[in-house]
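What follows is a structure written as structure tokens; I'll ask about it next.
The values are calculated or read from the model by the stated rules, or taken from the named source; none is laboratory data. Keep in mind that this is a model prediction, so the values were computed, not measured. All Cβ positions, glycine included, derive from the backbone under ideal geometry; neighbour counts span all protein chains shown.
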């Protein structure tokens, strides 16, 4: 909005009164337009609007009938007001002089207003007026600094494309460099999660590893059963870069199968038996899976795919196979698992994640949250979602206990509460909507064993976070964020007394970097929204047999030669303290 004097008729020049009207200027700022071109466009828009300056703003609102709200001004929320200013006293009549004095009534009529004055010498001054329930003082200070910086650069290069100008100042760059300085050196540790489990099986063979209902396997028993299946898989031709499908309900057999696939040097592809048959058929054919592991109660409902061999885990007869691990040469960049994700468009696509990326993610998680032998982790996430990956492998690579929920129990808060109490669960994951259902129960006093509640998959409401911390005071609440294309999670936040509407997604984890960029891959400053890009050691290899889509979503990084960034399609912004706020999807 722009105020205009409203005195274009000669008869109004000498009249005392308020004739000011507000005009609305429609702006169209294209990234490839120059500053000079934008000024020309604004000039034309302003001249066009002045031809209709006698139309009262109120009549325009009535004619357009926008949806009204008491929270903001209709049609526009940002005002610019420029005036010519006389610094000397005004002589209104003989003996009566007047001096201009600023008046601050302590309120803001608009979300944001910029007032500028130009004196007779051509000097420009101004101030900002803003709604304090929308902006804090620091935000306006940063806006003012970037405004000055941008104009200084525009005056030096008025013909350059406006999208090529960066808004980051030296302080912003320094802060983002600190936030993204996440380097951790895991080089002295073997980067294969199943081999960490194997060492624990040798050191603590009788320690309980997995519990599913009444079925219990020790570390030694799980290791030996997985080794026998791995030998069998090798005999069937499974090896490096093989993709082995697993279609199973939550069970001991599922856990054995996942560990066996890794021990055989292959990558597992989870196929949820609850998926429609057409979706399963598409995934099997798209992945080119030749070997599928399943069990009784599932096999009969699986789709028939030409060339697919289905092995029934309940009837393999592996007693004569070696109980020691097969000798398999592995490389950290080999695939460990491939999970199909629909994202927001089109058919499912397989995102393949490497051993190195998986180990980096779990090594960070152990450094951050420190599981030990006294802990019990609940596995309840359907294994077609990547949260299940840390549920299956993190506890057993550090000596903790894995408790597997019965099929379907992940949907029932009452059954989950009973399992938490019976098994003294210390660590589990909730999507926020399920956490809300869990917190709706009356009595959670029996869940005092909980130490770590991890949330991801949806925006976490701040009021839910506060309620959780209040009712489960022994537990820490951690909000994580990450796509399937980047080894589970890439940012983390420890919840406290969250003041906002939603909880931030935090800062990058070890060896990952977060960039919030505009459409030309320029970094966005604090408080300015942009697309969230991910870089670093956690990125997936790409989409299986989709080179075009891989090239579209995994792009060359402008920040380092040979590096890649993953375009998430998510909208986010930096807070002043270097924390990332999630704002939703771009589409």
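Please verify whether residue 470 is over 23 Å from residue 342 (Cβ atoms) and out of contact with any strand residue (DSSP E or B) (no Cβ under 9 Å at 6 or more places or on another chain), treating the condition exactly as stated.
Values: over 23 Å from residue 342 (Cβ atoms): yes; out of contact with any strand residue (DSSP E or B) (no Cβ under 9 Å at 6 or more places or on another chain): yes.
Considered against the rule, which asks whether it is over 23 Å from residue 342 (Cβ atoms) and out of contact with any strand residue (DSSP E or B) (no Cβ under 9 Å at 6 or more places or on another chain), residue 470 comes out as yes.
If you don't mind, another one. Out of curiosity, is residue 489 in a loop (DSSP other than H, G, I, E, B), in contact with a strand residue (DSSP E or B) (Cβ under 6 Å, 6 or more places away or on another chain) and on the phi < 0 side of the Ramachandran plot?
yes
Something else: Residues that are farther than 17 Å from residue 250 by Cβ, at least 3 per element: which helices (runs of 4 or more DSSP H) completely within segment 370-483 meet that? Spell out the reasoning first.
Numbers: elements: 387-397, 413-423, 432-439, 462-471.
In segment 370-483, 413-423, 432-439, 462-471 are the helices (runs of 4 or more DSSP H) which contain 3 or more residues that are farther than 17 Å from residue 250 by Cβ.
Can I ask one more? Kindly indicate whether residue 17 is exposed (fewer than 12 other Cβ atoms within 10 Å of the Cβ), in a loop (DSSP other than H, G, I, E, B) and at positive phi. Give the derivation first.
Details: exposed (fewer than 12 other Cβ atoms within 10 Å of the Cβ): yes; in a loop (DSSP other than H, G, I, E, B): yes; at positive phi: yes.
In short, yes.
Would you confirm, using the coordinates I've provided, whether residue 58 is surrounded by fewer than 11 Cβ atoms within 10 Å (Cβ to Cβ) and either modelled with pLDDT under 85 or assigned to a helix (DSSP H, G or I) (or both)? Full working, then the answer.
Working: surrounded by fewer than 11 Cβ atoms within 10 Å (Cβ to Cβ): no; either modelled with pLDDT under 85 or assigned to a helix (DSSP H, G or I) (or both): yes.
Considered against the rule, which asks whether it is surrounded by fewer than 11 Cβ atoms within 10 Å (Cβ to Cβ) and either modelled with pLDDT under 85 or assigned to a helix (DSSP H, G or I) (or both), residue 58 comes out as no.
Looking at the structure I just gave you, is residue 63 assigned to a helix (DSSP H, G or I), assigned by TED's automatic domain parsing to the domain that holds residue 129 and exposed (fewer than 10 other Cβ atoms within 10 Å of the Cβ)?
Values: assigned to a helix (DSSP H, G or I): yes; assigned by TED's automatic domain parsing to the domain that holds residue 129: yes; exposed (fewer than 10 other Cβ atoms within 10 Å of the Cβ): yes.
So residue 63 passes the test.
Could you tell me which numbered condition residue 352 fails, if it satisfies all but one of (1) out of contact with any helix residue (DSSP H, G or I) (no Cβ under 7 Å at 6 or more places or on another chain); (2) at pLDDT 95 or above; (3) in a loop (DSSP other than H, G, I, E, B); (4) within 26 Å of residue 251 (Cβ to Cβ)?
Result: residue 352 fails condition (3) only.
Please work out if residue 373 is at pLDDT 95 or above and more than 27 Å from the chain's Cα centre (by Cα).
Spelling it out, residue 373 is indeed at pLDDT 95 or above and more than 27 Å from the chain's Cα centre (by Cα).
With 45, 49, 31 as the choices, which residue is in a helix (DSSP H, G or I), closer than 30 Å to residue 140 by Cβ and in contact with a strand residue (DSSP E or B) (Cβ under 8 Å, 6 or more places away or on another chain)? Working first, answer last.
Working: 45 fails: in contact with a strand residue (DSSP E or B) (Cβ under 8 Å, 6 or more places away or on another chain); 31 fails: in a helix (DSSP H, G or I).
Only one candidate passes the filter, namely 49.
Is there a residue in segment 311-329 that is surrounded by 17 or more Cβ atoms within 10 Å (Cβ to Cβ), without any contact (Cβ under 8 Å) to a residue 60 or more places away in the chain and assigned to a loop (DSSP other than H, G, I, E, B)?
Among the residues of segment 311-329, not one is surrounded by 17 or more Cβ atoms within 10 Å (Cβ to Cβ), without any contact (Cβ under 8 Å) to a residue 60 or more places away in the chain and assigned to a loop (DSSP other than H, G, I, E, B), which makes the answer no.
Got a sec? Which of 465, 437, 400 is under 30 Å from residue 273 (Cα atoms) and either surrounded by 20 or more Cβ atoms within 10 Å (Cβ to Cβ) or without any contact (Cβ under 8 Å) to a residue 12 or more places away in the chain (or both)?
Details: 465 fails: under 30 Å from residue 273 (Cα atoms); 437 fails: either surrounded by 20 or more Cβ atoms within 10 Å (Cβ to Cβ) or without any contact (Cβ under 8 Å) to a residue 12 or more places away in the chain (or both).
Among 465, 437, 400, only 400 is under 30 Å from residue 273 (Cα atoms) and either surrounded by 20 or more Cβ atoms within 10 Å (Cβ to Cβ) or without any contact (Cβ under 8 Å) to a residue 12 or more places away in the chain (or both).
Turning to a different aspect of this structure: List the residue pairs whose Cβ atoms are under 6 Å apart, where the first residue sits in segment 150-167 and is in the same structural domain as residue 38 (by TED's automatic domain parsing) and in contact (Cβ under 8 Å) with a residue 24 or more places away in the chain, the second is surrounded by 15 or more Cβ atoms within 10 Å (Cβ to Cβ) and not in a helix (DSSP H, G or I), and the two are 6 or more positions apart or on different chains.
Correct list of pairs: 159/34; 162/33; 166/522; 167/525.
Same structure, new question: Is segment 448-462 home to any residue that is over 27 Å from residue 537 (Cα atoms), out of contact with any strand residue (DSSP E or B) (no Cβ under 9 Å at 6 or more places or on another chain) and without any contact (Cβ under 8 Å) to a residue 60 or more places away in the chain? Steps first, please.
So in segment 448-462, the residues over 27 Å from residue 537 (Cα atoms) come out as 448-451, 461-462.
So of that shortlist, the ones also out of contact with any strand residue (DSSP E or B) (no Cβ under 9 Å at 6 or more places or on another chain) come out as 448.
Filter once more, so that each one left must be without any contact (Cβ under 8 Å) to a residue 60 or more places away in the chain: 448.
Within segment 448-462, one or more residues are over 27 Å from residue 537 (Cα atoms), out of contact with any strand residue (DSSP E or B) (no Cβ under 9 Å at 6 or more places or on another chain) and without any contact (Cβ under 8 Å) to a residue 60 or more places away in the chain.
Which of the residues that make up segment 259-279 are out of contact with any strand residue (DSSP E or B) (no Cβ under 8 Å at 6 or more places or on another chain), under 19 Å from residue 386 (Cβ atoms) and buried (at least 22 other Cβ atoms within 10 Å of the Cβ)?
Once the filter is applied, which keeps residues that are out of contact with any strand residue (DSSP E or B) (no Cβ under 8 Å at 6 or more places or on another chain), under 19 Å from residue 386 (Cβ atoms) and buried (at least 22 other Cβ atoms within 10 Å of the Cβ), segment 259-279 yields only 259.
Could you check segment 125-151 and list, in sequence order, the residues that are part of a loop (DSSP other than H, G, I, E, B) and surrounded by 14 or more Cβ atoms within 10 Å (Cβ to Cβ)?
Filtering segment 125-151 for residues part of a loop (DSSP other than H, G, I, E, B) gives 131-136.
Within segment 125-151, 131, 135 qualify.
State whether one or more residues within segment 152-159 are in a helix (DSSP H, G or I) and modelled with pLDDT of 90 or more.
Going residue by residue through segment 152-159, those that are in a helix (DSSP H, G or I) are 152-156.
Among the residues that remain, those that are also modelled with pLDDT of 90 or more are: none.
No.
Same structure, new question: Given (1) under 32 Å from the mean Cα position of the chain (by Cα); (2) part of a loop (DSSP other than H, G, I, E, B); (3) surrounded by fewer than 21 Cβ atoms within 10 Å (Cβ to Cβ), where does residue 304 come up short, assuming only one miss?
Condition not satisfied by residue 304: (1).
Right, here's the next one. Is it fair to say residue 296 is under 19 Å from residue 255 (Cα atoms) and assigned to a loop (DSSP other than H, G, I, E, B)?
Numbers: under 19 Å from residue 255 (Cα atoms): yes; assigned to a loop (DSSP other than H, G, I, E, B): yes.
Here the answer is yes, as residue 296 does meet what is asked.
Could you tell me whether residue 345 is at pLDDT 95 or above, within 27 Å of the chain's Cα centre (by Cα) and assigned to a loop (DSSP other than H, G, I, E, B)?
Details: at pLDDT 95 or above: no; within 27 Å of the chain's Cα centre (by Cα): yes; assigned to a loop (DSSP other than H, G, I, E, B): yes.
In short, no.
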